[in-house]
Structures are given as structure tokens and as C-alpha cells.
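Working notes, beginning with the structure itself.
The values are calculated or read from the model by the stated rules, or taken from the named source; none is laboratory data. All values derive from a computational prediction rather than experimental measurement. Glycine also receives a Cβ, built like all others from the backbone with ideal geometry; neighbour counts cover every protein chain displayed. What goes into the accessible areas is simple: the full protein's heavy atoms, side chains included, and nothing from ligands, DNA or RNA. Shrake-Rupley method; radii C 1.70, N 1.55, O 1.52, S 1.80 Å.
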Amino acid sequence: MLDLYNRFLDMTKDGLWKRIPSYNNILDHIPESMKLTYEKRKDTRLFLRSIDAEGAGFEYVMFLNTSEKRVVCLFQPGSYLEGHPGFAHGGSIATIIDSTIGSCAISVAGKVMTANLSIDYVNPVPLGSVVLVDSKADKVEGRKVFLSCKMQSVDGNTLHAEATALFIQLDATKAQKQQASCQ
């Protein structure tokens, strides 16, 4: 994983790719210019960062290319993500795909939510293996952002999953009113 990480890190030097910092809270993930006036709660944590044991959960790093409208994630599922013995649970695969494709949608449209996520599981992902999750925004129609994603082995020889998604850009005024009514 370190070799692949270094390769992507090298691609950030020309400015086309940017490493997305890892956060414990989604509000840290949203660019300042796109944030609504939400108060960060101290008792919440981003789902992907809910396991404190190093190497046991979602081990990943993401890279963004704004000109290509792409986010690539290097993902290594840890032992706490096991489904069938020796393989990552399908829910953990869905989670990392949703997070990667969602980061891509955020980079294109700001504050968004998943409306639809469709995943075709092709080959199981062995625990501890490193896979590449490559997402891209295909088109934007009004508040709708259509995206696609592939999860494959680092060498590109094994396709693990393919996904399509629809994200909806949130209406800032309605989102603030909804949050206020829930507090």
C-alpha cells in the first residue's frame, strides 16, 4: 500500500491531484466555502473512523482530481470488517464506495446526500489486501449529481465491484431549517 500511496502522493506535486485529509467528523471534510452554519457535536464521529484499533477497520486514503472530477481511494480492509471468513463484508465495501463517491460529489456540488447507490459485487475483497476505489462524476443536472465507481485490485486485473450513484445537492435553506427542528 505504501508504494501506491507514494505514487499518488507524487502525482499531487503538479497540482492536478490533491490528497484529501482524513477526518473524524464530516464537517471537517466539507470545504469552508460550502459549509452551512452547523454546529459540530463532540459526541459524534465519522462512521469510517469509528474503530480505534489501527489496521483493524477502514484503512484508507483519498486523492482528488478536480479537473477530472475524480476521487481515488486506496483502501485496505482490516480484520474487523470480515464477512465471509477471510473476506471483507459487503456492507464495508458499500461504505467505502459511498464515502469515495460521496467525496467526489462534494467536490462537484458541495453539500450533498446519497439518493441512490447501486453496487454490483463481482469478486470478494480479501481482508488485508489493497484495492483501488476510483470514482468520477459523470454529469450534473440541476441539483442531481450522477457518478460511477469501480473497485479493483491494484494491478487492475481483478474487478471487485462496480457502482453507480445519484447524489442530490442540498438546498441550504431547507437543510438549516430541518436541522434546527431536530435540535
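Would you mind getting me the FRET efficiency between Asp155 and Lys13? Use the beta-carbon distance for r and R0 = 25 Å, nearest 0.05.
0.55
Got a sec? What order do Ser92, Ser67 fall in by accessible area at 1.4 Å, biggest, i.e. largest, first? Display every interim value, and only then the final one.
Numbers: Ser92 10, Ser67 85 Å².
Order by accessible area, largest first: Ser67, Ser92.
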**Fill in**
So, with points 7 Å from each Cα along the Cβ direction, the Thr114-Ser79 label distance in nm works out to 2.7 nm
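Ignoring ligands, DNA and RNA, how do His160, His89 rank by accessible area with a 1.4 Å probe, largest first?
On the way: His160 15, His89 100 Å².
Highest to lowest solvent-accessible surface, that is His89, His160.
Output the peptides 6-15, 135-144 sorted from most to least packed, where packing is the average of other Cβ atoms within 10 Å over each peptide's residues.
Values: 6-15: 11.6, 135-144: 14.5.
Going from most to least packed, we get 135-144, 6-15.
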**Request:** For each pair in Lys18/Lys144; Lys69/Lys139; Lys111/Lys144; Lys69/Lys144; Lys13/Lys136; Lys111/Lys136, compute the distance between the two Cα atoms and list the pairs where it is over 19 Å.
**Result:** Lys18/Lys144; Lys13/Lys136
**Complete:** Here, Ala56 and Phe146, labelled 7 Å along Cα→Cβ, have an inter-label distance in nm of 4.3 nm
**Prompt:** Hey, what do the phi angles of the stretch 122-134 turn into as Karplus ³J(HN,Hα) couplings, whole Hz, using 6.51/-1.76/1.60 and θ = phi - 60°, x for Gly and Pro?
**Reply:** 9, 9, x, 9, x, 4, x, 7, 9, 10, 9, 10, 10
**Prompt:** How high is the FRET efficiency between Thr164 and Asn123 when r is their beta carbon distance and R₀ equals 22 Å, given to the nearest 0.05?
**Reply:** 0.75
